[in-house]
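Here's the structure, in structure tokens; my notes come after.
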Amino acid sequence: MDKNSIFYDPSLKRRHFKSKLFKYFTLSSLVVSLLFLGIFLLDMVLKGSSAVQQTYIQVEVSYNQESIDNYRSIVDKKYLNLLSRAALREVPEQMQANPSLMNTKEVVWILADDQVDMYMKKYYYKIGEKDLSTLEELQKNGMVDKKFNTIFFTHGDSKTPEYSGILSAFIGTILTLAVTMLVAFPIGVATAVYLEEFSKQNWWSEFLEININNLAAIPSILFGLLGLAIYINLFGLPRSSALVGGLTLALMTLPIIVVSSRAALRSVPASIRQAGYALGLTKVQVVKDHVIPLAFPGIMTGNIIGLAHAMGETAPLIIVGMIAFIPDSPSSVMEAATVMPAQLFTWAGMPERAYIERTAAGILVLLSVLISLNSLAVYLRKKFEVKW
Amino acid sequence: MATFETKNKHAHLQEDIIKYLLILAAAISILTTFGILFSILFEAIEFFKLKSFVYFFTGTEWTPGVENSQFGALPIFAGTFMITAIAMAVALPIGLGSAIYMSEYATPNARNVLKPLLEILAGIPTVVYGFFAAITVAPFIVKISAAVGIEASFNSALASGVVMGIMIIPYISSLSDDVITAVPDSLRKGSLALGMTKAETIKDIVIPSAMPGIISATLLGISKALGETMIVVMAAGLRPNLSWNILEDMTTVTVRIVDALTGDQAFNSPATLSAFALGLALFVVTLILNIVSVRLIQKFKEKYKMSSL
């Protein structure tokens, strides 16, 4: 621009520069937050991927009366420290189940100790010098190998890291969430239907609304205090059980379900209701037979999101005691149980290095379940979305 | 007329029953709020019967489980405040910057991809963040500090604060993005027509208009940070520590609640009951933050006649 023009602004260049700078600042903050997400996921994959495989050692096992009495005599003494004790303890049971094995010898793959596993995966390990030379010799003969880690998916928690798995926590999660949804789904949808379709604009509906908003923002740990004080101390329900955990999570999930169900109900146009009334239907009939079926996909989407939210929750469950050591899957909601996030919390606090990779692997399992649930919600919304 | 009469003679009664069942369901949410309030309040009163109320808020010695135990929660509140401040120092600029980029610069298509991507951060379970903070971030901070010759704790407030900040980014960015998008376009066009640059328009016109919503998002973020449990339980310390050094270990209200309730003390001992006194403080503060936050966003909605937020 001409310097003598009356529109000439000497600061213009600087202002445009600053404007550009501002744009790059906002862009970089977005990039930084996405970078965090990337680093985080990468870190979990790197830490957890080694848990896909588990080390096994090929040894000769002798089945006889002595080894039933004492599992330590099953294999040659020099291999004892290299093998998983928990796996060796199972051998006498196999013999009792299959008596024809008695007094025979067999070369089989047996689960290795967690320190051997760490050695094979090139992490920090602690193995005695004598055992280490035995191990190196075995390795030279090709008798040490890494195989797919089935134990992680078929076993519950264990005090020996190589023998611990996520199964009992997974079952616990399913039981707990079943209780949660059985309670939260009907109450949440009923609340939403009442607020959207039946209540009049008055102090009561306003109070309800403020209350639900607040409930959604109360720190989750306080729901744990409620569960402890009311369900366990007042009603005497069993501590650590899926029932108490599920009921606690139900109250937490309630506001999520109410808010999303209301949005789904609101998206059903008024003309549907008016047509129903014009044909002589009562209010309940209109809502039950027309509004709710039309809003159902939206309601389901909200419920799945609420379910995913409840699945990742840990703090209130710790307060109601769901961090107990649970080696076997619970078979009813009254039994002591643990859930996946609580199991991860327990493992993360263990001193053995082998638990770290199991925690990361468990995180990957948990995240994939959550991502599938959320994708299902998005898919349902896309598939059944009606443009009015 | 008879032909128009319904066959169901109890239709009205049924309608009424269903309506009252729905009211009952709605009342459960209110029952829950009061359930939380009273269950915490009663146990907290039990606690204050045993220990001094004034010392709880002003004392600096927190020694549960010993004879003549003392419960001065000031260092615990200070630790909570420090970690929350660190989290907000991370989340506020990044969250707000992301929101401005998504609403002002990005194309609608890019926004539709970026927003859900950021919200993944909010969907990650907090126990996973806690693991990340304890296993990856905290050792990293210790290593960096050692490289410049400062000693940092493995339970540093910085590690849990930063990770908590990452967790809170989407809470701030999502709501801020909604309110910034809701600011009417006429304001932007007017400003640009007067010769202001895009950044000046955003900073002087759009952001001030969206301010109630942004403050509301910030308060919500603070309330989330105060109540966050798993990250601090896994990555922050247990020791009540009154200090300004963010590389030292600190503890928070939620950590002490978990610690008190997972211990093996008798339920009606002051050590266990102290969890409820801390819980009461947390409940009151977060409730106030939430109410103010909701009020602000309502005012904003009324001003710009928004229907869905």
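The values are calculated or read from the model by the stated rules, or taken from the named source; none is laboratory data. This is a predicted model, so every value here is computed, not measured. Here the Cβ is made from the backbone with ideal geometry for all residues, glycine too, and neighbour counts use every protein chain on show. Heads up: the accessible areas ignore ligands, DNA and RNA and are worked out on the full protein's heavy atoms, side chains in. Shrake-Rupley method; radii C 1.70, N 1.55, O 1.52, S 1.80 Å.
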Fill in the blank from the handout: By residue number, the members of the range B:38-52 that are surrounded by 13 or more Cβ atoms within 10 Å (Cβ to Cβ) and more than 16 Å from residue A:231 (Cβ to Cβ) are B:41, B:44, B:45, B:46, B:47, B:48, B:50, B:51, B:52
Exercise for the section: Among the residues of the range A:253-278, write down those that are more than 19 Å from the chain's Cα centre (by Cα), buried (at least 17 other Cβ atoms within 10 Å of the Cβ) and among the polar types (S, T, N, Q). Expected result: A:260, A:261
Completion exercise
Of the residues in the range A:166-219, those that are within 13 Å of chain B (Cβ to nearest Cβ), surrounded by fewer than 24 Cβ atoms within 10 Å (Cβ to Cβ) and of a type in the set (Gly, Ala, Ser) come to A:190, A:199, A:205, A:216, A:217
Problem - Qualifying residue in the range A:313-325 (condition: of a type in the set (Phe, Trp, Tyr) and modelled with pLDDT of 90 or more) - result: no
Fill in the blank from the handout: residue A:152 vs (1) in a loop (DSSP other than H, G, I, E, B); (2) buried (at least 20 other Cβ atoms within 10 Å of the Cβ): all pass except (1)
Completion exercise
Of (1) surrounded by fewer than 18 Cβ atoms within 10 Å (Cβ to Cβ); (2) hydrophobic (A, V, I, L, M, F, W, C); (3) at the interface with chain B (Cβ under 8 Å from one of its Cβ atoms), residue A:281 satisfies every one except (3)
Problem - Cβ pairs under 9 Å, 6+ apart, first in the range B:26-41 and within 21 Å of residue A:192 (Cβ to Cβ), second hydroxyl-bearing (Ser, Thr, Tyr) and open to solvent by less than 50 Å² (accessible area, probe 1.4 Å) - result: B:26/A:191; B:26/A:194; B:26/A:199; B:26/A:205; B:27/A:191; B:28/A:191; B:29/A:191
Exercise for the section: Give the range A:296-320 a look and list any residue that's open to solvent by 10 Å² or more (accessible area, probe 1.4 Å), facing another protein chain (nearest Cβ under 10 Å) and over 13 Å from the mean Cα position of the chain (by Cα), or say none. Expected result: A:305
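If we keep just the residues of the range B:113-139 that are among the small types (Gly, Ala, Ser) and more than 10 Å from every other protein chain (Cβ to nearest Cβ), which is surrounded by the most Cβ atoms within 10 Å (Cβ to Cβ)?
So, considering only residues that are among the small types (Gly, Ala, Ser) and more than 10 Å from every other protein chain (Cβ to nearest Cβ), the one surrounded by the most Cβ atoms within 10 Å (Cβ to Cβ) is B:133.
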Problem - Selected residue (criterion: surrounded by the fewest Cβ atoms within 10 Å (Cβ to Cβ)) from residues of the range B:143-156 that are in a loop (DSSP other than H, G, I, E, B) and of a type outside the set (A, V, I, L, M) - result: B:149
Handout entry: Enumeration of residues in the range A:1-21 that are open to solvent by 80 Å² or more (accessible area, probe 1.4 Å) and within 50 Å of the chain's Cα centre (by Cα)
Key = A:16, A:17, A:18, A:20, A:21
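So, of the residues in the range A:355-388 that are outside any helix (DSSP H, G or I) and not charged (D, E, K, R), which turns out to be least open to solvent (accessible area, probe 1.4 Å)?
Residue satisfying both the conditions and the ranking: A:386.
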Handout entry: Complete set of residues in the range A:321-344 that are among the β-branched types (Val, Ile, Thr) and within 11 Å of another protein chain (Cβ to nearest Cβ)
Key = A:323, A:339
Handout entry: Residue that is in contact with a Pro (Cβ under 9 Å, 6 or more places away or on another chain) and modelled with pLDDT of 90 or more, where the choices are B:181, B:218, B:251
Key = B:251
Completion exercise
Within the range B:1-32, restricting to residues that are of a type in the set (S, T, N, Q) and open to solvent by less than 100 Å² (accessible area, probe 1.4 Å), the one that is modelled with the highest pLDDT is B:32
Problem - Top-ranked residue of the range A:237-252 - restricted to ones that are more than 11 Å from chain B (Cβ to nearest Cβ) and of a type in the set (Ser, Thr, Tyr), ranked as surrounded by the most Cβ atoms within 10 Å (Cβ to Cβ) - result: A:241
Exercise for the section: Could you grab me the full set of residues in the range B:213-224 that are facing another protein chain (nearest Cβ under 10 Å) and among the small types (Gly, Ala, Ser)? Expected result: B:223
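Let's see how each residue does on (1) modelled with pLDDT of 95 or more; (2) part of a helix (DSSP H, G or I); (3) open to solvent by less than 10 Å² (accessible area, probe 1.4 Å):
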| residue | (1), (2), (3) |
| --- | --- |
| B:141 | no, yes, no |
| B:158 | no, yes, no |
| B:176 | no, yes, yes |
| B:195 | no, no, no |
| B:200 | no, yes, no |
| B:204 | no, yes, no |
Fill in the blank from the handout: Residue set B:91, B:110, B:99; condition in contact with a Gly (Cβ under 9 Å, 6 or more places away or on another chain), within 14 Å of another protein chain (Cβ to nearest Cβ) and under 25 Å from residue B:181 (Cβ atoms); output residue B:91
Exercise for the section: For the range A:112-131, indicate whether the set of residues that are open to solvent by 70 Å² or more (accessible area, probe 1.4 Å), at pLDDT below 85 and in contact with a Lys or Arg (Cβ under 7 Å, 6 or more places away or on another chain) is non-empty. Expected result: yes
Fill in the blank from the handout: Restricted to the range B:53-70 and to residues being open to solvent by less than 60 Å² (accessible area, probe 1.4 Å) and part of a loop (DSSP other than H, G, I, E, B), the residue nearest to residue B:243 (Cα to Cα) is B:59
Exercise for the section: Scan the range B:228-268 residue by residue and report those that are small (Gly, Ala, Ser), within 11 Å of chain A (Cβ to nearest Cβ) and buried (at least 24 other Cβ atoms within 10 Å of the Cβ). Expected result: B:235
Fill in the blank from the handout: Apart from one, (1) open to solvent by less than 40 Å² (accessible area, probe 1.4 Å); (2) within 24 Å of residue A:355 (Cβ to Cβ); (3) touching a strand residue (DSSP E or B) at 6+ places or on another chain (Cβ under 6 Å) all hold for residue A:147; the odd one out is (1)
Practice task
Could you list, in sequence order, all residues of the range B:178-193 that are open to solvent by 10 Å² or more (accessible area, probe 1.4 Å) and assigned to a helix (DSSP H, G or I)?
Solution key: B:178, B:181, B:182, B:185, B:186, B:187, B:188, B:189, B:190, B:192, B:193
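Which members of the range A:17-49 meet the condition of being over 20 Å from residue B:103 (Cα atoms) and facing chain B (nearest Cβ under 7 Å)? Steps first, please.
Step one: of the range A:17-49, the residues over 20 Å from residue B:103 (Cα atoms) are A:17, A:36-49.
Within the range A:17-49, A:36, A:37, A:40, A:43 meet the criteria.
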Handout entry: Flag if residue A:56 is among the aromatic types (Phe, Trp, Tyr), open to solvent by less than 40 Å² (accessible area, probe 1.4 Å), touching a residue at least 12 places away in the same chain (Cβ under 8 Å) and more than 30 Å from residue B:127 (Cβ to Cβ)
Key = yes
Practice task
Find the residue count for the range A:300-354, including only residues that are of a type outside the set (Lys, Arg) and outside any loop (DSSP other than H, G, I, E, B).
Solution key: 28
